[in-house]
Amino acid sequence: MELNIYNRKLFLGSFLVVEATGLLAVIMTVAWVVQFKGGVVWGATEMGITFNWHPILMTLGLIFLYGNGALIYRVIPPRNDSHKLGLKIGHAIVMMITFIIMVIGLQAAFDSHNLATPPKPNMYTLHSWVGLIAALLFGLQWALGFSAFLFPKFSPEIRSILMPFHQYFGSSILCLAVAAALMGHLEKALWSNKQGYPQKNSEAMVVNFIGVFLVLFVMGVTFLLSKFSKENPAGHRAV
């Protein structure tokens, strides 16, 4: 059985399974924050953006929405040049929304350190290093991708050179984001649930299952991106 995006039943069925793991990761992250971490506060406070927004927004934005944005050309194969342009614009918009959500999520983390009394140090954990690398690479990826493939749009020769790098770093950034999330969830669980985590209490199980669903989501997205061919039966490559 050929793995091809034009085998719609197989591809869309696989996509829905992957989508379910991502949604479960997002929903369980929200449930974890609300049930065990005191929930969130809408708007800014004297401590800036509440820290509890950080895991929610980073999981929603830099993992779930980012992964879906990367799959847009597979979920909706381009039919012609005008349709392809519409998909490019949609891809750029999804990634822009992702970037905005990511920035707010990062601000929540920095506010919780900088506005604390006394202030806490920033950027000293591996989680923060890997997360910032993912965020910076994503910003560069979006800016270069927009310039190269949408506006002002580079020459076909340069675009053909850049495309493999754009695709590779797209998947790499998602992997980095999930790696950072796994470390961040574990850090928070160990620091705030010191007694319960070794005992496998309910919060520990929620955190661990969030990590499992994040891993399944990134495995699924990268599989769909790398293993499903984009060649249609007529031999036209939809890229």
Exercise for the section: Return the whole-Å distance between the Cα centroid of region 1-42 and the Cα centroid of region 121-146. Expected result: 23
Completion exercise
Of 19-26, 79-86, 166-173, 48-55, ordering from highest average Cβ density within 10 Å down gives 48-55, 19-26, 166-173, 79-86
Problem - Table column - 3J(HN,Hα) (Hz), region 61-69, Karplus curve with 6.51, -1.76, 1.60, x for Gly and Pro - result: x, 6, 10, 5, 5, 4, x, 5, x
Practice task
Answer with one residue from N193, L12, P118: the one whose Cα lies farthest towards the positive end of the charge dipole of the chain, charges on Cβ with Lys, Arg +1 and Asp, Glu -1.
Solution key: L12
Practice task
Roll a 1.4 Å probe over the protein chains and send me the accessible area per residue for region 186-229 in Å².
Solution key: 56
Completion exercise
Other residues with Cβ under 15 Å from the Cβ of A189 give, with Lys and Arg +1 and Asp and Glu -1, a net charge of +2
Practice task
Tell me the label-point distance for the pair E2, M205, using the 7 Å Cα-to-Cβ offset, in nm and rounded to one decimal.
Solution key: 4.6
Practice task
May I ask you to list the aspartates and glutamates whose Cα is less than 17 Å away from that of K230, ignoring any residue fewer than eight positions away on the same chain?
Solution key: E2, D81
Completion exercise
Taking the chain, the equivalent ellipsoid from its C-alpha gyration tensor has semi-axes in Å, biggest first, of 35, 21, 14
Completion exercise
In Å², rounded to a whole number, the accessible area per residue of region 49-108 with probe 1.4 Å is 41
Exercise for the section: Rounded to the nearest 500, what is the 222 nm mean residue ellipticity of the chain from helices alone, with -39500 (n - 2.57) per DSSP H run of 4+ residues and division by all residues? Expected result: -24000 deg cm²/dmol
Exercise for the section: Can you bin region 97-239 into rounded, prolate or oblate? Criterion: square roots of the alpha carbon gyration tensor eigenvalues sorted a ≥ b ≥ c, rounded for a/c under 1.5, prolate for a/b above b/c, oblate for the rest. Expected result: oblate
Fill in the blank from the handout: Among S172, L224, A143, the residue whose Cα sits farthest towards the positive end of the charge dipole of region 91-239, when +1 is placed on the Cβ of each Lys and Arg and -1 on the Cβ of each Asp and Glu, is L224
Completion exercise
Carbon/sulfur accessible area of region 94-239, % of total, 1.4 Å probe, equals 73
Completion exercise
Output for region 55-149: chymotrypsin sites (Phe, Trp or Tyr not before Pro) sitting in coil per DSSP, at most 14 other Cβ within 10 Å, listed by number, reads Y124
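The values are calculated or read from the model by the stated rules, or taken from the named source; none is laboratory data. Predicted model only: the values in this text are computed from it and were never measured. Note: ideal-geometry Cβ built from the backbone for every residue, glycine included; neighbour counts use all protein chains shown. Quick note on the areas: whole protein, heavy atoms, side chains included, nothing else; ligands and nucleic acids left out. Shrake-Rupley method; radii C 1.70, N 1.55, O 1.52, S 1.80 Å.
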